[in-house]
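One structure is given below, encoded as structure tokens.
Derivation of every value follows stated rules applied to the coordinates shown; laboratory data play no part. The model shown is predicted, which means the values in this text are computed figures rather than measured ones. Here the Cβ positions follow ideal geometry from the backbone for every residue, glycine too, while neighbour counts run over all protein chains shown.
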Amino acid sequence: MLVDLHVHTAVSSPCSQIDPRLLVEVAAQVGLDAICVTEHEEIEGAEVARRLGEEAGFPVFRGVEVYTELGDMLVFGLYRPRFPLTTPFAELLRDVREAGGAIIPAHPCRGSHGFHHTLGDEGAEFLLANVDAIETRNGGSSPESNAAAQAYAEKYGIPGVGGSDAHFLMQVGRCLTAFERDIRDEAELVEEIKAGRCRASYASEVESVRLSGIWR
Ligand SMILES: [Zn+2]
Ligand SMILES: [Zn+2]
């Protein structure tokens, strides 16, 4: 099952141009089986997209991208209307654990802000010992940054996931996560991520998505 785990819409992310109704259409067209909407610090856009997905018969799962002092975190399974502009990582981690959710550093090695620069080996070790997966394919990061994240996933033995980080429709699906099993709801999404039954990919590496004609 092919899922783009990281998408922003214009509903909650002023930086995004994506109309959630078109998002659902395009996601199906590019060959994805589901998408996750992960707005910055807010759930509203994901709620709207989920309702539209229900109407269209296309699965949309809710997530959120939360800024912490250790960088952006993709969070699944913890639902609240709004997070503060910065959430202390320890607090977020506690709340995610209490809710039974999943927490994943987004684009962890992007540019000079990646944790390998800012946290050093010890900080990186602490972070990676406490998260459920790491984003190793992010559509807004360079191949080098994604490769650096991949190296962390391998070194620490944690699952890698992929998402487009799309802010424009044409970016939807450019990175994705291939899950071994079908996912019917958000609880199963969290379960499959935690179990590591998934693999991060570029769209160009997935034949069915490539053949949709958008990604070649
Ligand atoms: Zn981000
Ligand atoms: Zn993002």
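Below, the figures for the structure above:
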read-out: Rg/Rh for the chain, where both radii come from Cα atoms and Rh is the Kirkwood radius; value: 0.93
read-out: Packing-based ranking, highest mean first, of 19-31, 62-74 given that Cβ atoms within 10 Å are counted; value: 62-74, 19-31
read-out: Percentage relative contact order, the chain, counting C-alpha pairs under 8 Å, at least six apart; value: 22 percent
read-out: Residue-count net charge about GLN17 - beta-carbon cut-off 14 Å; Lys, Arg +1, Asp, Glu -1; value: -2
read-out: Cut-off 13 Å between beta-carbons: net charge of the residues surrounding ASN138, Lys and Arg +1, Asp and Glu -1; value: -3
read-out: Label point distance in nm, LEU22-GLU98, each placed 7 Å from Cα along Cα→Cβ; value: 4.0 nm
read-out: Expected 222 nm ellipticity per residue - DSSP helices of 4 or more, -39500 (n - 2.57), all of the chain, to 500; value: -10500 deg cm²/dmol
read-out: Highest average packing first - 166-175, 186-195, 92-101, 35-44, Cβ atoms within 10 Å; value: 35-44, 166-175, 186-195, 92-101
read-out: Dipole magnitude of the chain, debye to nearest 20 (Cβ charges: Lys/Arg +1, Asp/Glu -1, about Cα centre); value: 360 debye
